[in-house]
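Down below is the structure, laid out as structure tokens.
The values are calculated or read from the model by the stated rules, or taken from the named source; none is laboratory data. Quick caveat, the model's predicted, so the values are computed rather than measured. Cβ: placed from backbone, ideal geometry, glycine included. Neighbour counts: every protein chain shown. Just the protein is used for accessible areas: all its heavy atoms, side chains included, with ligands, DNA and RNA removed. Shrake-Rupley method; radii C 1.70, N 1.55, O 1.52, S 1.80 Å.
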Amino acid sequence: MTGRPTLAVVGATGAVGTVLLRILSQRADIWGDIRLIASPRSAGRKLAVRGEEVEVAALAEEAFDGVDIALFDVPDEVAARWAPVAAAKGAVVVDNSGAFRADPDVPLVVPEVNPHAARRRPRGIISSPNCTTLTMIVALGALHAEFGLRELVVSSYQAVSGAGRAGVETLRRQLSLVAGTELGTSPGDVRRAVGDDTGPFPEPVALNVVPWAGSLCDDGWSSEEMKVRDESRKILGLPQLPVAVTCVRVPVVTTHSLTVHARFEGEVTVGKAREIMATAPGVVLCDDPAAGEFPTPADVVGTDPTWVGRVRRALDDPTALELFVCGDNLRKGAALNTAQIAELVAAEAD
Ligand SMILES: NC(=O)c1ccc[n+]([C@@H]2O[C@H](COP(=O)([O-])OP(=O)(O)OC[C@H]3O[C@@H](n4cnc5c(N)ncnc54)[C@H](OP(=O)(O)O)[C@@H]3O)[C@@H](O)[C@H]2O)c1
């Protein structure tokens, strides 16, 4: 890379891509050209980045000519096909999809936790974790560095934008159908009101809680739950870490929340844990229940850090902590993490 690197954003029109353009406009501008790429459906559209209107190009091999770093925010199958094309043309790919995260030759990077991993990328591809893992991993990485993590038990409360634009459109449509009614008082009444089109979710998400995210894996686990386990292990370098996860979709537009039970090597204190959360880069401690202070998606949405509250020592285990964690799934959970990785790669050339 000589001079200011050329950046490509693939999937610039999507839920993550849209937030990424905003983030690129807000962070220090280290980029030369920024190219915007999406499907042929969006070719010719103009989107604002860094205060300028940039035309969207259709995804094609030539779109990567001269690109130094390509950020991919597209569905798994599109990334699986096109990330190697971009890498073969000399770009370092930072991929937000699940296509490469389990590949031993593709590092899975969270700049606050394992930045060194980004340097070994034999396929020219770096993966960014899934949004549920990212919601907790910065805080957990800091606690692991101090206490040594031994086990995780996690439940998620996931926002609909985790399922992209289609998820948000589904919740908005369903909310308009149930607003001002007495629905939610008898079995099936919400389902009848919203109709059969439940979008990317298996059940209505308005006035509801859906204990499912992703596709069906072995023994009743969901793909989202398997990702949280496998990705946490890979990022933390703990391949045997026991991780139990239940992923749940809730009627929140953006910002995932998680309850976390984390068990460590030895005894932990709430005081030390709070000190770590208050000083770890990328983490904000928001924990004063007596004053009604804890993080909620309504306050956290649109912000960069991981917010941690409800820090307690486990009632029956002095080696374990209970936490409630919130993070914007489109910012640190997706776009921001890839922007940070791209900045790490760009800095290698300095
Ligand atoms: N949403 C989250 O919280 C989140 C978090 C972490 C990771 N991710 C991952 O990030 C990726 C993008 O997610 P999203 O939520 O932004 O999805 P989305 O809102 O559905 O957007 C998908 C993007 O991919 C583009 N695209 C689709 N098919 C394409 C094709 N054949 N060729 C070129 N471009 C194509 C779309 O372009 P058009 O507009 O032209 O169709 C759009 O820009 C996914 O892999 C997702 O798993 C999402």
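The table below gives the values:
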| item | result |
| --- | --- |
| Selection count where residues are more than 8 Å from the ligand (Cβ to nearest atom) and either within 24 Å of the chain's Cα centre (by Cα) or at pLDDT below 95 (or both), scope segment 53-71 | 4 |
| Unmet criterion (only one of (1) closer than 17 Å to Leu140 by Cβ; (2) buried (at least 17 other Cβ atoms within 10 Å of the Cβ); (3) among the β-branched types (Val, Ile, Thr)) for Val301 | (1) |
| Test for Val74: is it buried (at least 21 other Cβ atoms within 10 Å of the Cβ), aliphatic (A, V, I, L, M) and over 22 Å from the mean Cα position of the chain (by Cα) | no |
| Residue list for segment 178-230, filter: open to solvent by 80 Å² or more (accessible area, probe 1.4 Å) and either farther than 13 Å from Pro251 by Cα or not assigned by TED's automatic domain parsing to the domain that holds Leu241 (or both) | Gly180, Glu182, Thr185, Pro187, Arg191, Arg192, Asp196, Asp197, Leu216, Asp218, Asp219, Trp221 |
| Selected residue [within 16 Å of the ligand (Cβ to nearest atom), in contact (Cβ under 8 Å) with a residue 40 or more places away in the chain and open to solvent by 50 Å² or more (accessible area, probe 1.4 Å)] from Pro281, Pro251 | Pro251 |
| Candidate set: segment 89-122, residues that are among the small types (Gly, Ala, Ser) and touching a helix residue (DSSP H, G or I) at 6+ places or on another chain (Cβ under 7 Å); chosen: the one nearest to the ligand (Cβ to nearest atom) | Ser97 |
| Complete set of residues in segment 315-331 that are open to solvent by 10 Å² or more (accessible area, probe 1.4 Å), of a type in the set (A, V, I, L, M, F, W, C) and touching a Leu at 6+ places or on another chain (Cβ under 9 Å) | Phe324, Leu330 |
